[in-house]
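Student: Submitted below is the structure of interest, expressed as structure tokens.
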Amino acid sequence: MSVKLHAWGRIATADVVALIPRDSASASLPTHAYLPVGNNRSYGDSAMPAGTAILTRDLSRILDFNADSGLLRAEAGVLLSDVIAHVTPRGWFLPVTPGTQFVTLGGALANDVHGKNHHRAGSFGCHVRAFELIRSDGARLLCSPQSNAGLYAATIGGMGLTGLVTWIELALKPTPTPDVIEETIRFPTLGRFFTLSAESDATHEYSVAWIDSSARGAALGRGLFMRANHADAPAAQRQGLRLALPFTPPLSLMNGASIGLFNAAQFALAKEGERRRGYAQFFYPLDGIGGWNKAYGPRGFHQHQSVLPLPAAEQAIAEMLNALHEAGIHSFISVLKIFGRQASPGLLSFPREGATLALDLPNHGEATLRLLSRLDQITLRAGGAVNPYKDSRLPREVFEASFPALAQMQPWLDPLAASQFSRRVGFTHHPNSTILAAE
Ligand SMILES: Cc1cc2nc3c(=O)[nH]c(=O)nc-3n(C[C@H](O)[C@H](O)[C@H](O)COP(=O)(O)OP(=O)(O)OC[C@H]3O[C@@H](n4cnc5c(N)ncnc54)[C@H](O)[C@@H]3O)c2cc1C
């Protein structure tokens, strides 16, 4: 079967042959180049196969759930939304969740995704107890910190390049309700964001800030700080309003004027104070607008996500926001948050201690590429790193500078696993490196 895949940023696409394993027990890999594919919620070309796509969405069974210990074993194509539906009635929730619930367990593991509680819980990989990995030589390996520990570390955050994960064992977190009590606070300067974050670390499990990218001068970096804890008890079930963009408009709806107006209005109209929020409203606000990525029009958009060591972060973020103004390219959604100290078991994990800034930038061709390159340079000068699963152009030298453990990945890369990203930056298995099928 042939399929056309689109990355979430709608810049990278792939016309490929697809294999669809029906269950984890019978899954196998082809004898030529392949890449596992989850639910295509990655923005860039790291999730676009340079070979056969192994579409994992039919690996959709929850295999075991212990409601006493909160240990879940499920196939890799199960969506986080399915996990939530299965476990929240029994008092459990995801230990870490990204800003969309429509990602698979396999995709969450392979990108070692992070959430609004990184300062407390680390990344997704910190909660993965074990998984099964199929390699292109046919080996089926149980990977955990105790068994095949090298492949365990290389696969968490390994962007699908170590093989196919068929099932995952995940430790969930207990909570009486997934809903939260959220507090919104307007902050006038970047400096105030850092104070609020430091104050909230001990008191709030979740925190995140939205930056008004239209602000400049003395108001540069102003925004809204949201912090939250789970509520004490469940409320009556609410049905959220779900809007959808059914088609890709011929032109981008995200131009400088509309983005500027949206940002300024968000800042001015936001309601400060505490309120109860349904979990979907708090964790997944963008899921409420189906297909919102199509609003950027046929040229799509890039996300630039950096993480910056704290001492250099405030100045580097101000430089980046000024770079946007100078380029005349505005970020529709700009998210700032603090990553905590908890290290991931993943060799290639993106989250590390510091401040992380994510900017959604419409694709205006060369002008946007020049801006992205400038953002890379500001990030690297500050001693930071750029996230490889958020755009389709990250150059090899920025990737190398961002991941000091890159060389340690070499023995674990599957010789046949290949994405457009891995081919583009030359991050592929080297024939002279030892293939360690089992430890
Ligand atoms: C609205 C929105 C908000 C987001 N917010 C966040 C956020 O807060 N934090 C964050 O970290 N990310 C965030 N993301 C990005 C998203 O969470 C990740 O890109 C995630 O990995 C996508 O998972 P997926 O199931 O769609 O997998 P895909 O995008 O299809 O694939 C992701 C990677 O996983 C690999 N893979 C998939 N399945 C398997 C498998 N079974 N075995 C081996 N490898 C596999 C693929 O090869 C690929 O490299 C967001 C994305 C969106 C659209």
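The values are calculated or read from the model by the stated rules, or taken from the named source; none is laboratory data. All values derive from a computational prediction rather than experimental measurement. Here the Cβ is made from the backbone with ideal geometry for all residues, glycine too, and neighbour counts use every protein chain on show. Note: accessible area is taken over every heavy atom of the protein model, side chains too, but ligands, DNA and RNA are not part of it. Shrake-Rupley method; radii C 1.70, N 1.55, O 1.52, S 1.80 Å.
Student: Which residue, of D391, D376, is open to solvent by less than 10 Å² (accessible area, probe 1.4 Å), part of a loop (DSSP other than H, G, I, E, B) and either within 16 Å of the ligand (Cβ to nearest atom) or in the same structural domain as H204 (by TED's automatic domain parsing) (or both)? Write out each step before concluding.
Tutor: Working: D376 fails: part of a loop (DSSP other than H, G, I, E, B).
Of the residues listed, the single one that is open to solvent by less than 10 Å² (accessible area, probe 1.4 Å), part of a loop (DSSP other than H, G, I, E, B) and either within 16 Å of the ligand (Cβ to nearest atom) or in the same structural domain as H204 (by TED's automatic domain parsing) (or both) is D391.
Student: Could we say that A313 is assigned to a helix (DSSP H, G or I) and either on the phi > 0 side of the Ramachandran plot or in contact with a Phe, Trp or Tyr (Cβ under 8 Å, 6 or more places away or on another chain) (or both) here?
Tutor: On the way: assigned to a helix (DSSP H, G or I): yes; either on the phi > 0 side of the Ramachandran plot or in contact with a Phe, Trp or Tyr (Cβ under 8 Å, 6 or more places away or on another chain) (or both): yes.
When the stated conditions are applied, A313 passes them.
Student: Further, regarding this structure: Kindly establish whether R192 is in a helix (DSSP H, G or I), farther than 20 Å from A323 by Cα and basic (K, R). Outline the logic, then answer.
Tutor: Working: in a helix (DSSP H, G or I): yes; farther than 20 Å from A323 by Cα: yes; basic (K, R): yes.
Considered against the rule, which asks whether it is in a helix (DSSP H, G or I), farther than 20 Å from A323 by Cα and basic (K, R), R192 comes out as yes.
Student: Show the residue pairs meeting these rules: Cβ distance below 7 Å; 6+ apart or different chains; first residue within region 411-422 and closer than 19 Å to S28 by Cβ and part of a strand (DSSP E or B); second residue near the ligand (Cβ under 10 Å from one of its atoms) and modelled with pLDDT of 95 or more.
Tutor: A417/Y34; A417/L35; A417/G160; A417/L161; A417/T162; A417/G163
Student: Scan region 107-135 and report the pairs whose first residue is without any contact (Cβ under 8 Å) to a residue 24 or more places away in the chain and whose second residue is more than 7 Å from the ligand (Cβ to nearest atom) and part of a helix (DSSP H, G or I), with Cβ atoms within less than 8 Å and a gap of 6+ or a chain change.
Tutor: Close Cβ pairs satisfying both conditions: V113/F124.
Rundown of residues vs (1) modelled with pLDDT under 95; (2) surrounded by 14 or more Cβ atoms within 10 Å (Cβ to Cβ); (3) more than 11 Å from the ligand (Cβ to nearest atom); (4) under 17 Å from I211 (Cβ atoms), yes/no style:
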residue	(1), (2), (3), (4)
A270	yes, yes, yes, yes
Q281	yes, yes, yes, no
W292	yes, yes, no, no
H304	no, yes, yes, yes
L308	no, yes, yes, yes
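Student: Now for a different question. Checking the condition assigned by TED's automatic domain parsing to the domain that holds D137 and touching a residue at least 24 places away in the same chain (Cβ under 8 Å), which residue from D58, D68, D23 passes?
Tutor: Details: D68 fails: touching a residue at least 24 places away in the same chain (Cβ under 8 Å); D23 fails: assigned by TED's automatic domain parsing to the domain that holds D137.
One residue alone meets the criteria, D58.
Student: Next question, about the same structure. Taking the conditions exactly as written (assigned by TED's automatic domain parsing to the domain that holds N293 and polar (S, T, N, Q)), does Q342 satisfy them or not?
Tutor: Details: assigned by TED's automatic domain parsing to the domain that holds N293: yes; polar (S, T, N, Q): yes.
When the stated conditions are applied, Q342 passes them.
Student: Let me ask you something else. Within region 334-365, how many residues are small (G, A, S), more than 25 Å from G158 (Cβ to Cβ) and away from the ligand (no atom under 15 Å from the Cβ)?
Tutor: The qualifying residues number 1.
Student: Could you list, in sequence order, all residues of region 268-282 that are within 20 Å of R222 (Cα to Cα) and assigned to a helix (DSSP H, G or I)?
Tutor: Hits for region 268-282 are A268, L269.
Student: Inside region 99-129, can you point out the residues that are more than 9 Å from the ligand (Cβ to nearest atom) and at positive phi?
Tutor: Correct list: G122 only.
Student: Out of region 321-345, which residues are part of a loop (DSSP other than H, G, I, E, B), open to solvent by 10 Å² or more (accessible area, probe 1.4 Å) and farther than 12 Å from L310 by Cα?
Tutor: Those that are part of a loop (DSSP other than H, G, I, E, B), open to solvent by 10 Å² or more (accessible area, probe 1.4 Å) and farther than 12 Å from L310 by Cα: G328, H330, F332, I333, Q342, A343, S344, P345.
Student: Failed condition for I20, given (1) under 22 Å from V113 (Cβ atoms); (2) within 13 Å of the ligand (Cβ to nearest atom); (3) of a type in the set (V, I, T), with all others met?
Tutor: It fails just one condition, (1).
Student: Select from region 1-20 the residues that are open to solvent by less than 40 Å² (accessible area, probe 1.4 Å) and without any contact (Cβ under 8 Å) to a residue 40 or more places away in the chain and write down the one among them that is farthest from N363 (Cα to Cα).
Tutor: Filtering region 1-20 down to residues open to solvent by less than 40 Å² (accessible area, probe 1.4 Å) leaves 3, 5, 7-9, 12, 14, 16, 18.
Subset that is without any contact (Cβ under 8 Å) to a residue 40 or more places away in the chain: 16, 18.
On the way: V16: 24, A18: 28 Å.
It comes out as A18.
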